[in-house]
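Here is the structure we will look at, set down as structure tokens.
The values are calculated or read from the model by the stated rules, or taken from the named source; none is laboratory data. Keep in mind that what you see is a predicted model, and the values were worked out from it rather than measured. When we count neighbours, we look across all protein chains shown, and the Cβ atoms used for this are built from the backbone with ideal geometry, even at glycine.
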Amino acid sequence: MSFLSVRFGIFFLILLLVMKMTRGAKTHQLVLLGASYVFYAAGDWRFLALLAGISLVMWKCGLKVSQDAPVGGKGKKTWLILGICLDLLVLCVFKYAGFFVDTFTAAFGLPRTTIGILLPLGLSFYIFQAISYLADVYMGKMKAESSLRKVLLYISFFPQIVSGPIVKARDFFPQLETDHEITWENLSWGGQKFLTGLFKKIVIADRLGICVDAVYAAPAAYSGISLLTAVLAYALQIYYDFSGYSDMAIGVARILGFDPGRNFNLPYLAANPSEFWKRWHISLSSWFRDYVYIPLGGNRKGEARTYRNLFLTMLFSGLWHGASWSFVAWGALHGAVSVFSRALGRKRKGEAPDAAVWGKVRHAFSVILNFCVVTILWIPFRTNNFGKALLILRRIFTWAPGIHYVYVYALIFGIGLLFVEMAAVRFHQGNDIWRPLDLSRFGSRVILCCFILLTAVFAYIGDSAFIYAQF
Amino acid sequence: MRKWGRQAISWAAAVILAFCICNAAMFLYEVQPGWIERENGATLAIWDPGTALVAGLEGRGYYHVDSKGYLNDSIPTEPGYCVVVGASFTQGKEVENGKRYTDLLNAMLSEQNGENSDGGNDAAVSARPSFVYNVSQEGYYFPDIASGFYALTKEFPDAGTIVIETGKTSFSDRELEAALDQRAYDEAQNGENILATLSPAKRFTMRVKEAMPLLNILKTQAETVKHRLSEGEESAKGEEEAKEKDTAAYSDRLEPVLKMLREEFDGTLIIAYHPDVTICDDGSLSPVRYEETEVFSRLCRENGIIFMDATQAILDAYAEDYSVPYGFMNTTMGKGHFSQAGHRVMAEELYKILVGRSGQ
């Protein structure tokens, strides 16, 4: 069930009514659990048992790995490894089996065999939440949950199950303890956040997709400047599409009284790769940091190991994004860039600080350079084909002749983002400037109504599949 | 209760004010004149005469509706003019005024006629149309054009040349049968005359819609949603119809229509065809070919109708400077209506025929 469907609208209204008519944290948990399973079933009922099964196993494993568990130290670790291995096995079977088979057959020159396994809806996201629960309990960051109901709800919570944000267990479970009354404040905040996300998705991202799809389908036909515009358009599209979806999910969760946390913080303002990953898909990068990078040793075992851990973490992140060598390569390239940037940063550590103006110029240059690197790395991410990616880069850098197509909306939305970023730097230390309007004021009501009307006018009515829903 | 009442009034006022603000902004983006349907005219509908059209959804253009309800800067005065009739491709509101193929043709012809007016071949000059008049309506395709052909010749009795624009050469049996059913001509439904036949309520509704471009746009959005939801069913139906057709049977259905057109009009009759194109992976431009095009072309020749196929000219233009006949910088290339390049190709091809016919 997409957030952009009438069905979801009806579903959510009914849910709000039921939440309003009921009282008590436990009752609300049951209502939300029921709603989450209905939501999931509407998307694909065939994998409901898998979702429930994973949740049940995690709940059981959680009780075994808890600090208070009667099982001894090594036993806890065994349960932890068993639980995580089960999660990863499920992920590998459904998401990567085809990829592994293709790689194996290609490597050994065997006849090509196609394995058709359906990918369960939201698998990549809820498996990571399941691992988060187990790991947080094992590390003592939270107590194991004795209530199966809460674990079921955490893993299946519908606002975030399809495409995130990935909320860590230690951040989510404390929120379950309160009575989730539907308040005007949450309705206003969450509703406006949802509308912002909707605007980002159907007005900006989907409209940029027109240019991106056309040019990436036949890059050999387009001129260098047209390809450059399309490459920039994709950098904007993927940002607005995914941050738009995140905003909608956050808005829905907030209406229900939950705070999943921020998932994007103007990532193109980052001055280096490390900062970029603290601003882009924050929930995923922090997941990888807490459950992959730090357990590998983080930066605690010397520089060489730090670089290795950084590289591996980015490699796995690439693999998570898609079951193909293009995504692995994308992750590896980001890893290489991150390592290089870190090494460069360490080299500069001993240098004297820059004078104020020169420091600002240097910082601006770093932001632009980082944006260029990230944008270039989006090319293989989008094409999922090395040959095509190289073709695009070659035609851009040789300023090849071809169809002239400088998409107007890429320029408009690009300039728009630039103004937002400048305002963020000027007024908010480079952080996201979004704030809900105070709807008690007449002026704010007019602005909100204008915003809704303009969203309806400029919405691109086309294929609205969310980019990240494929992961 | 009073508090809720005040809140409701405040929100209602906010909605109204927001609507007014956004509606005002839409005058810069997309404005449609009033749409007046008619039963007995050259076209099935005309725009409200004297109003303006602003196009921003696809391309960008600004036009004034003339007294006949079409988009032209002036009305033909001298006999022997050329009428170009077609759908939205001919209407050309996506390009700026002066860049449509009918406007370009006008400029080319007046330049040519001006060059030859002193010391040139008077017979050739007088045989050449002096003015090109654009008669177009959105969604006005060949079968409807054919069924309105009698009315067209009555509305423009002094036309020396008629050009029928079409992007398709394949029509269903139902469409071709309906094409033979000629619409009557009623002068009372011509241009400004039609306004007198509208009821006060209809006229008021039309004026209100003209003053509210925001409503039109929202209506278009809603229709697009509906269309997208029903797209799957329609394409399945279309494929079924295409499978059933064979060229011999198609020829038998099409010929009476073309014969009828030829019999209805003594002057130069041209069918200007422009194919759909695809931008291929290897960077080439490929026209979409249909078997019916060959049938259409042959039957035109056999019935004394000039069949202008712009395919080669489109490919030549692409080979020269990668210009694509359809698409805009605010939509996508290769799809949609004629780009400036597309209009230029059509004008050049028609010009060759019109000048050639006059013995130049």
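One residue is enough: does the range A:142-149 have a residue meeting the conditions without any contact (Cβ under 8 Å) to a residue 60 or more places away in the chain and of a type outside the set (S, T, N, Q)? There is at least one residue in the range A:142-149 that is without any contact (Cβ under 8 Å) to a residue 60 or more places away in the chain and of a type outside the set (S, T, N, Q).
For residue A:197, which of the numbered conditions (1) in contact with a Gly (Cβ under 9 Å, 6 or more places away or on another chain); (2) within 14 Å of another protein chain (Cβ to nearest Cβ); (3) not basic (Lys, Arg) fails to hold? Residue A:197 satisfies every listed condition except (2). Restricting attention to the range A:179-203 and to residues that are buried (at least 20 other Cβ atoms within 10 Å of the Cβ) and β-branched (Val, Ile, Thr), the residue that is farthest from residue A:249 (Cα to Cα) turns out to be A:203. Those helices (runs of 4 or more DSSP H) of the range B:14-133 in which 2 or more residues are modelled with pLDDT of 95 or more and more than 14 Å from chain A (Cβ to nearest Cβ) occupy B:88-91, B:101-116.
For residue A:399, the criteria (1) of a type in the set (Phe, Trp, Tyr); (2) in contact (Cβ under 8 Å) with a residue 40 or more places away in the chain; (3) more than 14 Å from every other protein chain (Cβ to nearest Cβ) hold in every case but one, which is (3).
The set of residues from the range B:215-229 being among the hydrophobic types (A, V, I, L, M, F, W, C), more than 7 Å from chain A (Cβ to nearest Cβ) and touching a helix residue (DSSP H, G or I) at 6+ places or on another chain (Cβ under 7 Å) comprises just one member, B:215. Pairs meeting the criteria (first residue in the range B:1-25 and within 23 Å of residue B:55 (Cβ to Cβ), second residue in a helix (DSSP H, G or I) and β-branched (Val, Ile, Thr), beta carbons under 8 Å, at least 6 apart or on different chains) are B:21/A:446; B:22/A:457. When residue A:14 is tested against the conditions (1) in contact (Cβ under 8 Å) with a residue 24 or more places away in the chain; (2) loosely packed, with under 13 Cβ neighbours inside 10 Å; (3) closer than 20 Å to residue A:158 by Cβ, the lone failure is (1).
Taking the range A:229-262 as the range and being of a type in the set (Phe, Trp, Tyr) and within 12 Å of the chain's Cα centre (by Cα) as the test, the residues that pass are A:239, A:240, A:242, A:245. Against the numbered list (1) outside any helix (DSSP H, G or I); (2) closer than 20 Å to residue B:76 by Cβ; (3) of a type outside the set (A, V, I, L, M), residue B:170 comes up short only at (2).
Annotation for the range A:60-72: no member residue is of a type outside the set (A, V, I, L, M), loosely packed, with under 15 Cβ neighbours inside 10 Å, under 30 Å from residue A:244 (Cα atoms) and touching a residue at least 12 places away in the same chain (Cβ under 8 Å). Being in a helix (DSSP H, G or I) and exposed (fewer than 13 other Cβ atoms within 10 Å of the Cβ) is true of residue A:443. Residues in the range A:200-232 that are assigned to a helix (DSSP H, G or I), within 14 Å of another protein chain (Cβ to nearest Cβ) and among the small types (Gly, Ala, Ser): A:209, A:214, A:217, A:220, A:221, A:224, A:226, A:230. For the range A:273-359, the helices (runs of 4 or more DSSP H) that sit wholly inside it and include 2 or more residues that are among the charged types (D, E, K, R) are A:273-279, A:303-321, A:325-349. Do we find that residue A:391 is within 14 Å of another protein chain (Cβ to nearest Cβ) and in contact with a Pro (Cβ under 7 Å, 6 or more places away or on another chain) in this structure? Spelling it out, residue A:391 is indeed within 14 Å of another protein chain (Cβ to nearest Cβ) and in contact with a Pro (Cβ under 7 Å, 6 or more places away or on another chain). Do we find that residue B:349 is part of a helix (DSSP H, G or I) and surrounded by fewer than 19 Cβ atoms within 10 Å (Cβ to Cβ) in this structure? In short, no. Looking across the range A:396-413, the residues that are crowded, with 17+ Cβ neighbours inside 10 Å and within 28 Å of residue A:266 (Cα to Cα) come down to A:396, A:405, A:407, A:409, A:410, A:413.
Filtering the range B:168-212 to residues that are touching a Phe, Trp or Tyr at 6+ places or on another chain (Cβ under 6 Å) and over 15 Å from residue B:149 (Cβ atoms) leaves B:169, B:170. Taking the listed residues A:415, A:376, the one that is part of a helix (DSSP H, G or I), aliphatic (A, V, I, L, M), without any contact (Cβ under 8 Å) to a residue 12 or more places away in the chain and away from chain B (no Cβ under 13 Å) is A:415, with no other qualifying.
With respect to the conditions (1) more than 14 Å from chain B (Cβ to nearest Cβ); (2) in contact with a helix residue (DSSP H, G or I) (Cβ under 6 Å, 6 or more places away or on another chain), residue A:409 lacks only one, and its number is (1). Does residue A:204 count as in the same structural domain as residue A:261 (by TED's automatic domain parsing), touching a His at 6+ places or on another chain (Cβ under 8 Å) and of a type in the set (Val, Ile, Thr)? Considered against the rule, which asks whether it is in the same structural domain as residue A:261 (by TED's automatic domain parsing), touching a His at 6+ places or on another chain (Cβ under 8 Å) and of a type in the set (Val, Ile, Thr), residue A:204 comes out as no.
Applying the criterion of at least 3 residues that are at pLDDT 95 or above and more than 14 Å from every other protein chain (Cβ to nearest Cβ) to the strands (runs of 3 or more DSSP E) found wholly in the range B:266-330 leaves B:268-273, B:306-309.
The rows are residues; the columns are (1) of a type in the set (Ser, Thr, Tyr); (2) over 24 Å from the mean Cα position of the chain (by Cα).
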| site | (1), (2) |
| --- | --- |
| A:401 | no, yes |
| A:407 | yes, yes |
| A:410 | no, no |
| A:414 | no, no |
| A:441 | no, yes |
| A:444 | yes, yes |
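All conditions in (1) surrounded by fewer than 16 Cβ atoms within 10 Å (Cβ to Cβ); (2) at pLDDT below 95; (3) assigned to a helix (DSSP H, G or I) hold for residue B:253, with the sole exception of (1).
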